[in-house]
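Before any comments, here is the structure.
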Amino acid sequence: MPKLISISEEVWRTAASNHKCRIQSLLRPGLVQKSRAISYDNVQQNKPGGKRVPKENRLGSATTVMMGDDFWGSSLDPMNPVYNFLIEYYGIKGSKGIRRLSRWSPDPSLLLLDVDSEDHDHLSNEGIMLYGEDKTRNTDVSLLHSTIYQAAMQVSHGLGGILLENANVHDLGGTLHLRGCIPVPVCTTSENSDLYGILYNPAIYYNHRVPNIHDASYISSNHIHPHEQTSTTTNDKTISQFQWYASILQSTLESEPILHCHGLHEWAMQYRPPGAPPPPSAKYQANLPLRVSQQVINEAVERKGISCTHVDALRFFAPDAKPLNHPGGSELGRKDQLRLEQKACVHAHMDLLKIAMKLTPFVDADLLGDVLEVALEARKLDVEASPYDATAFGVGTVPVETKEGRKLYRERQKVLMEKAEPVRKRLLEAYESFLYLAFDIGL
């Protein structure tokens with residue numbers, strides 16, 4: 001296993017730029033834009049006796065369309081039904097949330113490669129060097145690389161990590177993650193030394209092994225806040241949360257898909273039988289008009305009941321809808337998630353983003369981009385199959401209240417499941433690598 005992975009500046013900056021462009025492309029349709037400007041005074045909540053906001057009243061005064069570099073100062077539109085789940089469920093709020101997703105991080109599993117493997121020469125041609133105990137497979141190691149290696153070993157207390165060559169403090173918080181970063185100074189006896197680069201290693205961050213005093217001074221003098229740089233003490237609670245998510249991924253991969261739920265969880269939130277008061281969940285997506293009547297909603301829910309396996313979606317059901325859910329109602333909780341989560345669930349696909357973000361900055365940025373893409377596709381199907389009229393946001397309709405619509409939903413659901421499957425497998429592998437690197441668990 002290599003002690004140090006060194007990625008050339010050209011390689012990692014190109015990868016970081018590509019990642020930022022990809023995130024920009026995925027999120028741009030969901031930004032607050034001139035044609036989607038919001039007047040929050042027009043957003044009425046569904047209180048008893050209240051009405052949903054009519055389509056013609058949804059838009060208010062104009063705001064500025066964010067283009068080019070201004071994209072990173074913009075925010076997601078909380079009224080956009082396809083993108084607002086990123087705000088509500090996963091905390092991607094304001095421009096900080098967008099910048100968080102756009103930060104690049106290397107693949108930690110590089111640290112699991114064998115320095116003597118055949119992959120070494122291939123990676124070397126791609127600007128990635130693998131160093132073992134005090135040496136690399138290349139016998140022609142320059143004095144500079146030897147010096148960088150020794151500097152990286154010093155600040156990491158011999159643990160090494162992935163070094164991004166020539167990364168500097170100006171990259172942190174924008175291009176790179178501030179969390180988990182370890183500056184590798186050229187001169188450890190100077191508080192204002194230049195850097196060889198920035199090092200990342202989950203073993204250091206989660207085992208509370210911090211850089212030496214000179215590095216701490218460097219961090220302080222360059223306004224890198226210590227509470228953001230150092231980790232919390234390793235404990236069972238820290239480890240268990242990662243093990244839990246790994247278990248969710250594993251059980252979902254092993255599950256039998258349910259292809260007859262037809263996305264009725266959204267309908268269950270609006271379910272209101274005659275004589276029942278408006279459910280608390282009726283205010284959900286209150287800025288959108290309903291595309292069907294209350295009677296049609298009730299009939300769709302009551303036709304064969306509900307087959308929702310996602311415990312978080314169940315929490316938002318109308319009280320009268322919970323007993324109609326075949327897997328269970330109010331008695332279901334977090335402990336049931338391992339048993340119920342299944343690979344065809346659109347909300348399980350969306351939650352891949354939450355699970356991936358738990359690993360940042362120790363997750364491959366390419367994988368994070370793939371997860372975001374799957375999550376957005378799942379959310380789009382979720383909205384299209386709902387009882388809301390979201391056509392003003394460029395969203396189509398999958399009319400699951402009809403036989404033809406249910407058939408279409410199943411077809412779309414299966415295609416999405418097949419796309420999500422390899423991404424979920426890669427995310428599980430990322431968790432397994434992380435648990436081994438950070439806590440010496442597994443593999």
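The values are calculated or read from the model by the stated rules, or taken from the named source; none is laboratory data. These numbers were taken from a predicted model, which means no experiment stands behind them. Positions of Cβ are backbone-derived with ideal geometry, glycine not excepted, and every protein chain shown enters the neighbour counts. Accessible surface areas use protein heavy atoms only, side chains included; no ligands, DNA or RNA. Shrake-Rupley method; radii C 1.70, N 1.55, O 1.52, S 1.80 Å.
The table below lists the values:
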| quantity | calculated |
| --- | --- |
| Of all accessible heavy-atom area on the stretch 339-434, the percent that carbon and sulfur account for (1.4 Å) | 50 |
| Computed E for residue 168/residue 237 - FRET, C-beta separation, R0 22 angstrom, nearest 0.05 | 0.05 |
| Radius 10 Å from Cβ of residue 245, net charge of other residues (Lys, Arg +1; Asp, Glu -1) | +1 |
| Gain upon complete extension [residue 296, residue 154; 0.36 nm per residue less C-alpha separation] | 44.3 nm |
| Segment residue 259-residue 147, extension gain: residue separation times 0.36 nm, minus the distance between their alpha carbons | 34.5 nm |
| For the stretch 371-443 versus the stretch 95-112, the gap between their alpha-carbon centres in whole angstrom | 21 |
| Simple Cβ-charge dipole of the stretch 230-306, Lys/Arg +1 and Asp/Glu -1, about Cα centre, in debye nearest 20 | 320 |
| Where labels lie 7 Å past Cα in the beta-carbon direction, separation of residue 391 and residue 360 in nm | 3.6 |
| Among 104-114, 415-425, the order from most to least packed when residues are scored by Cβ within 10 Å on average | 104-114, 415-425 |
| Options 359, 342, 332, ranked by Cα towards positive dipole end of the stretch 304-443, top entry (Cβ charges) | 332 |
| Area of residue 389 that stays accessible when all protein chains are in place (1.4 Å probe, Å², to 10) | 30 |
| Computed accessible area, residue 6, all protein chains, 1.4 angstrom probe, square angstrom | 0 |
| Two-site label geometry, residue 95 and residue 307: point separation in nm, points 7 Å out along Cα→Cβ | 4.7 |
| Shape call, the stretch 285-358: gyration tensor on alpha carbons, a/c limit 1.5 | oblate |
| Label-point separation, residue 418 to residue 403 (7 Å along Cα→Cβ), nm | 2.5 |
| Separation of alpha-carbon centers, the stretch 293-362 and the stretch 10-24, rounded to whole Å | 35 |
| Cα pair distances in the stretch 348-443, grouped into 10 Å bins until the bin that holds the longest one, percent each | 15, 37, 26, 15, 6, 0 |
| Order of exposure, largest accessible area first, which applies to 12, 244 with probe 1.4 Å | 244, 12 |
| FRET efficiency, residue 25 to residue 276 (Cβ-Cβ, R0 56 Å, nearest 0.05) | 0.80 |
